[in-house]
Amino acid sequence: MIYTVTLNPAIDLIIRLEGIMTRKKNNRIFQKTQDIGGKATHVSVVLSTLGVPNIATGFIGADNQEILLTLLAEKGVRCQFVSQPSSATRTSIILLDQSGEGSYMLTEPGFQAAPETMQRLLQFLQNNVQEGDWVVFSGSPPQAFSVSDYAALLESVSQRRGRLVVDVSGAYLREALRVQPFMIKPNEFELEQLLGRRLRHTREIVWEVERLMKQGIRLVIVSMGKNGSMVGYDKAVYKITPPMVEEVNDTGCGDVFVGGVIAKLYQNSTLEEAIRFATALSATKAAQKGSSDFSLELAESWQSAVRIEQIGGVDR
Ligand code: TA6
């Protein structure tokens, strides 16, 4: 079983504007839609679409939970969130104009998780996670969520010999490295934040991927948007180049990538097969209007356009 943990889910409000967004001008909206947000929720959408058994959990604000739970149910996702009373699940506003330059994302902080809510999630993981299960922590924790609480959730999985996947930033990522997750997926900025310095050349990223693998992280992925990703696995480091696509909405591409990698590895594909598929699937997400849409059909045909080249390795 795979559990996806979204500690701060969101309802994405996708707003599409006529023309190019301009200050001091009436920027007219021509489309407004709601979609799934919060990162690990997107991973569950990919897993459910591919028929991989998974449960979406985490925290959810009771006041408006039906909106997100309905969106997830429509995508076939089985949910067991910890619902916090008198709290609202936040909104992430995704602004898209017609410049083709990518989205603006405006995210609310969301509600603070009460101690009782945290304990309920911890109890859920302790009662359900079994050896060999995957547990995916993806997305920012709620405001004021302590690093020690985050560590307690990770430890509860490690103690049950679950396979940890962590896609988070800052102090939470630093804490996650301590329990040696199976997989991490920082983007370039999050990796620089972790190191406290800029990474100006590809070679520097390769070195850091090699260093993280030496620290015991089995699968290190550094996502680089439309420039693809750097992947470290089994002592080798690969540069992954995605197919070129006409971008409609870049929101959620990283999460679809994570879902694609996990789904394929769970189904015993090789790493190359998993990365090739996930890169193509993530590219199809960029070509869709929503936050959680992608195309399996397009991904199948785009896989051959994904370039994978080894550019480093721990023993090279
Ligand atoms: O990665 C895409 C996305 O999940 C959006 O759907 C939006 O909800 C945002 O990221 C939330 O990011 P955060 O890091 O605040 O959890």
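Bear in mind that the values in this text are calculations on the coordinates, not laboratory data. Please read these numbers as outputs of a predicted model, since none were measured by experiment. No Cβ is skipped: glycine too gets one built from the backbone with ideal geometry, and neighbour counts run over all protein chains shown.
Between the stretch 150-179 and the stretch 78-130, how far is it from one alpha carbon centroid to the other, in angstrom?
18 Å
Going by how many other Cβ atoms sit within 10 Å of their own, how do Tyr3, Tyr233 line up, fewest first?
Fewest-to-most Cβ neighbours within 10 Å comes out as Tyr233, Tyr3.
If a/c stays under 1.5 just call it rounded; otherwise compare a/b with b/c (prolate if a/b is bigger, oblate if not). Do that for the stretch 1-113, with a ≥ b ≥ c from the square roots of the Cα gyration tensor eigenvalues.
The shape class here is prolate.
If you line up the Cα atoms of the stretch 235-281 on their principal axes, what length do they span on each, largest first, in Å?
33, 20, 13
Nearest 20 debye, what's the magnitude of the dipole of the chain about its Cα centre given +1 on Lys and Arg Cβ and -1 on Asp and Glu Cβ?
540 debye
Find the percent of Cα-Cα distances in the chain that exceed 24 Å, and round it to a whole number.
Percentage above 24 Å: 52.
Quick one: Val157, Val45, Val248, fewest Cβ neighbours within 10 Å first, how do they rank?
If I rank by nearby Cβ atoms, fewest first, I get Val248, Val157, Val45.
For Lys285, go through the lysines and keep the ones whose alpha-carbon is under 29 Å away, minus same-chain ones fewer than eight residues off.
The qualifying lysines are Lys32, Lys39, Lys75, Lys185, Lys226, Lys239, Lys264.
What does the charge count near Val165 come to, summing +1 for each Lys or Arg and -1 for each Asp or Glu among other residues with Cβ under 12 Å from its Cβ?
+1
Would you please give the residues with an amide H less than 5 Å from that of Gln288, counting only those at least 5 places away or on a separate chain, with H modeled from the backbone geometry?
Val248, Asn249
For a quick check: with amide H placed at 1.01 Å from N, whose amide H comes under 5 Å from Gly37's, ignoring anything fewer than 5 positions away on the same chain?
Answer set, sorted by chain and number: Ala10, Asp12.
In terms of modelled amide H atoms, which long-range or inter-chain residues lie less than 5 Å from the amide H of Thr6?
So Thr6 has HN proximity to Thr57, Gly58, Phe59.
Restricting things to alpha carbons, tell me how big the stretch 135-269 is in terms of Rg and Dmax, in Å.
14.8, 44
Give the order of His201, His42 when sorted by the count of other beta carbons within 10 angstrom, beginning with the fewest.
Ordered by Cβ neighbours within 10 Å, fewest first: His201, His42.
Restrict the search to the stretch 178-261; then list the GluC sites (Glu not before Pro) that DSSP places in a loop and that have at most 11 other Cβ atoms within 10 Å of their Cβ.
Filter output for the stretch 178-261: Glu246.
Can you work out the Karplus-derived ³J(HN,Hα) for every residue in the stretch 205-211? Use 6.51 cos²θ - 1.76 cosθ + 1.60 with θ = phi - 60°, whole Hz, and x for glycine or proline.
5, 4, 4, 5, 5, 4, 5
What is the sum of charges, Lys and Arg at +1 and Asp and Glu at -1, for the other residues whose Cβ falls under 13 Å from the Cβ of Ala151?
-1
Compute the distance in nm between two label points, each set 7 Å from the Cα along the Cα-to-Cβ direction, one at Tyr104 and one at Arg78.
Label at Tyr104, label at Arg78, 4.2 nm between them.
Can you compute 3J(HN,Hα) from phi for each residue in the stretch 2-8, using the Karplus curve 6.51 cos²θ - 1.76 cosθ + 1.60 with θ = phi - 60°, rounded to whole Hz and x for Gly and Pro?
After applying 6.51 cos²θ - 1.76 cosθ + 1.60, I find 10, 10, 9, 10, 10, 7, 9 Hz.
For the stretch 162-177, what does the Karplus curve 6.51 cos²θ - 1.76 cosθ + 1.60, with θ = phi - 60°, yield as ³J(HN,Hα) per residue in whole Hz, taken in order and with x for Gly and Pro?
x, 9, 8, 10, 10, 10, 8, 10, x, 5, 5, 5, 4, 5, 4, 4
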